[in-house]
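One structure is given here, and the rest of the page talks about it.
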Amino acid sequence: MRIFVPKETHPAEKRIPMLPGGAAKLVKLGAEIEVEQGLGSALSYADRDYENAGARISKDRQRSLAEADMLLRVQKPPLSEIEILKKGCIHASFLNPFNERELVLRLAAAEVTAVSMEMIPRTTVAQRMDVLSSQANLAGYVAVILAATAINRIFPMLMTPAGTIKPLRVFVIGVGVAGLQAIATARRLGASVEAFDTRPVVEDQVKSLGAKFVKADLGETGETAGGYAKPLTPEQLQKQREVMAQHVGQADVVITAAQVFGRKAPVIVTTQMVTQMKPGSVVVDTAVETGGNVECAKCGEEIEIGGVKIIGFTNLPGRVAANASEMYSNNLGAFIEHFWDKGAKAFHLDITNDILKGCVITHAGKICNEMIQAAYA
């Protein structure tokens, strides 16, 4: 089986899908690995590093795309390259299928088996393949570092002959993987941290990291089988905002990380709340790419309202591209290894398997994923 790893085409994407170490593991399985010339240059990996791992270097992107049995990327493929792909090939990357209908329809029409890596179920068996968790973990860390860079104060308490500096107050909204890492990072920097989530079940996790859990009586809430928060009703969202307003107003740093799988991120922090914050405060919206938790956040930008900085930068994991690439490469490697047929030396595509049922979006000319079928209906 020939696996091709092309360079990313998005100008701001510094992550790469496969490191030399990951390529070496796939070669040991019996795969033929081909990587585009210069694949790892952004992370200081030379072509010879991949050659030493047993991979071939491709200088002809178009030919390699057309001949590959499987393609591995970080970002979704350009529409212009879909028609080049071989019928029946497997394409694995982030796809954002809920919001990329044209892309998905084109992949189906081209008879490409499209794997959306962010759709891998959050189960024990699939834990090593969970790209969403690995990248969200880094996003939570980066969000705190961005806040620490943007604010004109230090995070920890400092006792000096000149006086005592109080620790910064950080408020984290949304205690999924990114939120938990944001809490942990802010605590390591010495901040006083509060956190809120609609799922009471995460209270113990918040407290275990040394933060205070903010409670709100929202009635019946909970989480999905995949560990995501269930959508709130308009009434629940209003109650949540009322509780949030007080804590946002007292915070020096607010980090939002509330996501609802397959849906637009809920607006939790209103512009009015931001105007009640102290000048010099910072807000970081990690959900800005899926609609945003902060009403006034601008996707890809840092803006200022009433002296408060609102950071809406995209692709936060890409700001620590070396680690993000390492984790993504490991996730991809675990995914391929799990379904690898050693006898046939090929990826065994059993779309009745629960993991593949969750993440395979198109196959044999059709959209085969039930969640995406329902979303497009």
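Tell me the residue from LYS230, LYS215 that is surrounded by fewer than 17 Cβ atoms within 10 Å (Cβ to Cβ), under 20 Å from ALA251 (Cβ atoms) and at pLDDT below 95, please.
Details: LYS230 fails: under 20 Å from ALA251 (Cβ atoms).
The match here is LYS215.
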Report task. For ALA297, state whether it is in contact (Cβ under 8 Å) with a residue 24 or more places away in the chain, of a type in the set (Gly, Ala, Ser) and farther than 18 Å from ALA216 by Cα. Result -> no
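Could you tell me whether VAL201 is assigned to a helix (DSSP H, G or I) and open to solvent by 20 Å² or more (accessible area, probe 1.4 Å)?
Numbers: assigned to a helix (DSSP H, G or I): yes; open to solvent by 20 Å² or more (accessible area, probe 1.4 Å): yes.
Considered against the rule, which asks whether it is assigned to a helix (DSSP H, G or I) and open to solvent by 20 Å² or more (accessible area, probe 1.4 Å), VAL201 comes out as yes.
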Report task. Check off (1) over 17 Å from ILE336 (Cα atoms); (2) touching a strand residue (DSSP E or B) at 6+ places or on another chain (Cβ under 7 Å) for GLY140 and give me the number that stays unchecked. Result -> (2)
Report task. Show the residue pairs that are 6+ apart or on different chains and have beta-carbon atoms under 7 Å apart, the first residue being within the stretch 12-36 and under 18 Å from LYS59 (Cα atoms), the second being assigned to a strand (DSSP E or B) and of a type in the set (Gly, Ala, Ser). Result -> GLU34/SER58; VAL35/SER58; GLU36/SER58
Query raised in the report: Can you tell me how many residues in the stretch 74-83 are open to solvent by 50 Å² or more (accessible area, probe 1.4 Å), assigned to a helix (DSSP H, G or I) and within 25 Å of GLY262 (Cβ to Cβ)?
Result: 1
Report summary line: ARG319 meets each of (1) open to solvent by less than 60 Å² (accessible area, probe 1.4 Å); (2) under 30 Å from VAL27 (Cα atoms) with one exception, condition (1)
Report task. Identify the residue in the stretch 258-311 that is of a type in the set (Ser, Thr, Tyr) and within 18 Å of ALA136 (Cβ to Cβ) and, among all such residues, is surrounded by the fewest Cβ atoms within 10 Å (Cβ to Cβ). Result -> THR290
**Report entry** Residue under evaluation PHE339, criteria (1) free of Cβ contacts under 8 Å to residues at least 60 places away in the same chain; (2) more than 20 Å from the chain's Cα centre (by Cα); (3) farther than 21 Å from ALA24 by Cβ, criterion not met
**Finding:** (3)
Requested in this report: State which residue is nearest to VAL284 (Cα to Cα) when the search covers only the stretch 178-196 and only residues that are part of a loop (DSSP other than H, G, I, E, B) and open to solvent by less than 30 Å² (accessible area, probe 1.4 Å).
Outcome: ALA191
Query raised in the report: Among the residues of the stretch 344-353, is any on the phi > 0 side of the Ramachandran plot and either open to solvent by less than 10 Å² (accessible area, probe 1.4 Å) or more than 22 Å from the chain's Cα centre (by Cα) (or both)?
Result: yes
Report task. Within the stretch 158-172, identify whether any single residue is surrounded by fewer than 20 Cβ atoms within 10 Å (Cβ to Cβ), at pLDDT below 95 and on the phi > 0 side of the Ramachandran plot, and answer yes or no. Result -> yes
Query - Selection status of ALA143, in contact with a Ser or Thr (Cβ under 7 Å, 6 or more places away or on another chain), at pLDDT 95 or above and among the aliphatic types (A, V, I, L, M) - result: yes
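The values are calculated or read from the model by the stated rules, or taken from the named source; none is laboratory data. Predicted model, so just to flag it, every value in this text is computed and none were measured. Cβ: placed from backbone, ideal geometry, glycine included. Neighbour counts: every protein chain shown. Heads up: the accessible areas ignore ligands, DNA and RNA and are worked out on the full protein's heavy atoms, side chains in. Shrake-Rupley method; radii C 1.70, N 1.55, O 1.52, S 1.80 Å.
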